[in-house]
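Here is the structure we will look at.
The values are calculated or read from the model by the stated rules, or taken from the named source; none is laboratory data. In this text, all values refer to a predicted model and were calculated from it rather than measured experimentally. So basically every Cβ, Gly included, is an ideal-geometry build from the backbone, and we count neighbours across all protein chains shown.
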Amino acid sequence: MNPATSSPLRFVLFATGVTAIGGFLFGYDTAVINGANSYLVAYMHLNPTQEGLAGASAILGCIPGAMCAGVLGDRFGRKKVLLACALLYAASALLAAIPRTLDPFLFARFIGGLGIGASSMICPVYIAEVAPSRWRGRLGTLFQLGIVSGVFFTLFVNKVIQGCGDEAWNTAVGWRWMLGMEFVPAALFFGLLFTVPESPRWLMQRGRADEALEVLNKIGGAEHARREQAAIQAALQEEPGRLSELLTGPYLRPLAITSYSGVTIADKAPRPDVLNTGFTVEYSLPYLQSKVESLDLPDVVRKLTPMTEVLITSPVGHSYGSRTTVLIAPGVSYAGEGLEFAVEALVPATSATGSGVGVTAQLHLALDYLLVDSILGKPLFTSQ
């Protein structure tokens, strides 16, 4: 590596890597309920409606979290909103681990959902504003990688905790530890955020040009700093856009594609066949535990499918350009959906085919992540 670029690259990798922990917490908070659910139901004697609320409460919090994150990020700064996300994750972990009744649990999970929604908005924005253009697409992939890593990691955390006691212990205490363990990465995220800079673009928006220039110099050197500062300044002088413009002209089609992919991810991410490889919530964790203990590596490796696909497909997408990826990915995504339904319809529901359904579902989910990433990595919208 060129010594002239190694130091800026380390700086950018560290800043974006810290931000990607927000993606890890996104995945962890979304998936951890799958291991705790059956014990939570038994402890609180929940009926099916209450069980559904317990599982969906975090997702409900995502809506206001995502809606408010952009406004708060523009007013208070990306870094402050990231700090708030870390606090929300930490508070949710602690509060979800102590309740004896359903209402406090729902409130705790809703708080975590606020963090999920806000981080899903702010983390990619921060990475895009810190990363140089030549690395932006690749570094933007870190957020998606963080999400699938968090989902994968919860399986092993839940397995270890489940093995610490019998059924009665897990029903009384184990599920609390599963949820409470999120406090550790949340606290780490909060602490590390104090070591990363504020977004240079936001600093320019607030008239703090000297601070922005200092950050840009660390990112890419003096020449890069002058060039980027001039580009940001020119963009900030453009006439402010209106929300109605997104529904007309050249913005409508990218908006529709992004919205479709986001809805598809939201539909598939909570499903057991995606997160639990084709098995119901109640039996997914014991099944994985048996496979780990018997060293049946193929079934364990299948859990790495989304992570591997993000690592492989995103660089391919960026190599061929955003427009090509946007044109191709929906077709391949529909093919993955069709394959999933074909397996479900034609093959008996055995343990092996359950894993097959899970892999095809994970493939479809990863392709949708790629589609969104192809838009986020190389923006199609203007700075207005």
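Below, the figures for the structure above:
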{"read-out": "Filter result for the condition that a residue is touching a Lys or Arg at 6+ places or on another chain (Cβ under 8 Å), crowded, with 16+ Cβ neighbours inside 10 Å and either of a type outside the set (Asp, Glu) or assigned to a helix (DSSP H, G or I) (or both), over Ala90, Ala31, Ala58, Ala86", "value": "Ala58"}
{"read-out": "Elements of type helices (runs of 4 or more DSSP H) contained in segment 178-238, each with 3 or more residues being assigned by TED's automatic domain parsing to the domain that holds Lys79", "value": "183-193"}
{"read-out": "Test set (1) surrounded by 14 or more Cβ atoms within 10 Å (Cβ to Cβ); (2) without any contact (Cβ under 8 Å) to a residue 60 or more places away in the chain - Gly207 fails condition number", "value": "(1)"}
{"read-out": "Residue in segment 101-114 that is within 30 Å of Asn47 (Cα to Cα), of a type in the set (D, E, K, R), in the same structural domain as Asn34 (by TED's automatic domain parsing) and not in a helix (DSSP H, G or I) present", "value": "no"}
{"read-out": "Qualifying residue in segment 95-105 (condition: modelled with pLDDT under 90 and either buried (at least 17 other Cβ atoms within 10 Å of the Cβ) or touching a Gly at 6+ places or on another chain (Cβ under 8 Å) (or both))", "value": "no"}
{"read-out": "Single match in Ser38, Ser7 (criterion: surrounded by fewer than 23 Cβ atoms within 10 Å (Cβ to Cβ) and closer than 29 Å to Leu155 by Cβ)", "value": "Ser38"}
{"read-out": "Members of segment 33-82 found to be touching a residue at least 60 places away in the same chain (Cβ under 8 Å), closer than 18 Å to Met178 by Cβ and more than 17 Å from the chain's Cα centre (by Cα), listed by number", "value": "Gly35, Ala36, Asn37, Ser38, Tyr39, Leu40, Ala42, Tyr43, Met44, Gly55"}
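Residue-by-condition table, conditions (1) closer than 23 Å to Pro64 by Cβ; (2) surrounded by 21 or more Cβ atoms within 10 Å (Cβ to Cβ); (3) touching a residue at least 40 places away in the same chain (Cβ under 8 Å):
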{"position": "Tyr126", "(1), (2), (3)": "yes, yes, yes"}
{"position": "Ser133", "(1), (2), (3)": "no, no, no"}
{"position": "Phe143", "(1), (2), (3)": "yes, yes, yes"}
{"position": "Leu155", "(1), (2), (3)": "no, yes, yes"}
{"position": "Val160", "(1), (2), (3)": "no, no, no"}
